[in-house]
Amino acid sequence: MRFLSSVQPALAALLLIAPAAVAAAQPLVVEPYRSPATQGSPPWPQCRGCDLRGADLSGLLLNGLDLREADLRGADLRGSNLEGADLSGADLRGALLQQSWLSNADLSDVDLRQANLRDAVLIQALTPGVQLEGAVLIGADFTGSDLMIGGEEAGPDPLPPLRP
């Protein structure tokens, strides 16, 4: 009985402190989509060959970043600024790139199969060897890029129908 009475004040104090501690330990919840490039830059200057599968990089300033050969399968890059980034050889299968800015980016040999590039801006992007099978390209702007679809240069106009 004496033990129980000596523990009660400590237990009462713990019960008063615990909810505040638990609340402080909760992770910060951020909305999954933000307007283009509102979150600042990543803490790393380059990420060549990085494994970023499924990472939430939406709304980040990633311009000029070295992402060569990075694994970005299923990554969320919606609204991100990747202007001038080097993504050559990167795997972006199934990545979310809606409304992202990829102007002057190097997309040489990038795998964008099943990626969503709706309303993305890819002005003057380098695209030799890019794989786009199953990718969503509605509203994407390839003006000045070297992308050829169906033997025609892609641009801001609707993409030409693929010939069998």
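The residue that is nearest to the chain's Cα centre (by Cα), among those in region 60-105 that are modelled with pLDDT under 95, more than 15 Å from L122 (Cβ to Cβ) and assigned to a loop (DSSP other than H, G, I, E, B), is L60. May I ask you to list pairs of residues, at least six apart or on different chains, whose Cβ atoms are under 9 Å apart, with the first in region 47-76 being closer than 18 Å to R93 by Cα and the second being among the aromatic types (F, W, Y)? What qualifies is C50/W44; S58/Y33; D76/Y33.
Just to be sure before I move on: is L112 in contact with a Ser or Thr (Cβ under 8 Å, 6 or more places away or on another chain) and touching a residue at least 12 places away in the same chain (Cβ under 8 Å) in the structure I sent? It is false that L112 is in contact with a Ser or Thr (Cβ under 8 Å, 6 or more places away or on another chain) and touching a residue at least 12 places away in the same chain (Cβ under 8 Å). Among the residues that make up region 136-144, is at least one of them out of contact with any Cys (no Cβ under 7 Å at 6 or more places or on another chain), within 23 Å of Q46 (Cα to Cα), assigned to a loop (DSSP other than H, G, I, E, B) and not aromatic (F, W, Y)? No, region 136-144 has no match at all.
Can you tell which of G79, G94 is surrounded by fewer than 20 Cβ atoms within 10 Å (Cβ to Cβ) and not acidic (D, E)?
G94
Pairs, please: C-beta under 6 Å, at least 6 apart or cross-chain, first residue over 12 Å from L102 (Cβ atoms) and free of Cβ contacts under 8 Å to residues at least 40 places away in the same chain and in region 130-145, second of a type in the set (D, E) and surrounded by 15 or more Cβ atoms within 10 Å (Cβ to Cβ)? Between residues of region 130-145 that are over 12 Å from L102 (Cβ atoms) and free of Cβ contacts under 8 Å to residues at least 40 places away in the same chain and residues that are of a type in the set (D, E) and surrounded by 15 or more Cβ atoms within 10 Å (Cβ to Cβ), the close pairs are Q131/D111; G139/D119. Evaluation of I123 against the conditions (1) hydrophobic (A, V, I, L, M, F, W, C); (2) surrounded by fewer than 24 Cβ atoms within 10 Å (Cβ to Cβ); (3) within 15 Å of the chain's Cα centre (by Cα) shows that the sole unmet condition is (3).
Inspect region 152-162 for any residue being modelled with pLDDT of 95 or more and small (G, A, S) and give the result as yes or no. Scanning region 152-162, I find no residue that is modelled with pLDDT of 95 or more and small (G, A, S), so the answer is no.
The values are calculated or read from the model by the stated rules, or taken from the named source; none is laboratory data. On a predicted model such as this, the values are computed, not experimentally measured, just so you know. Here Cβ is always computed from backbone atoms with ideal geometry, including for glycine, and neighbour counts include all displayed protein chains.
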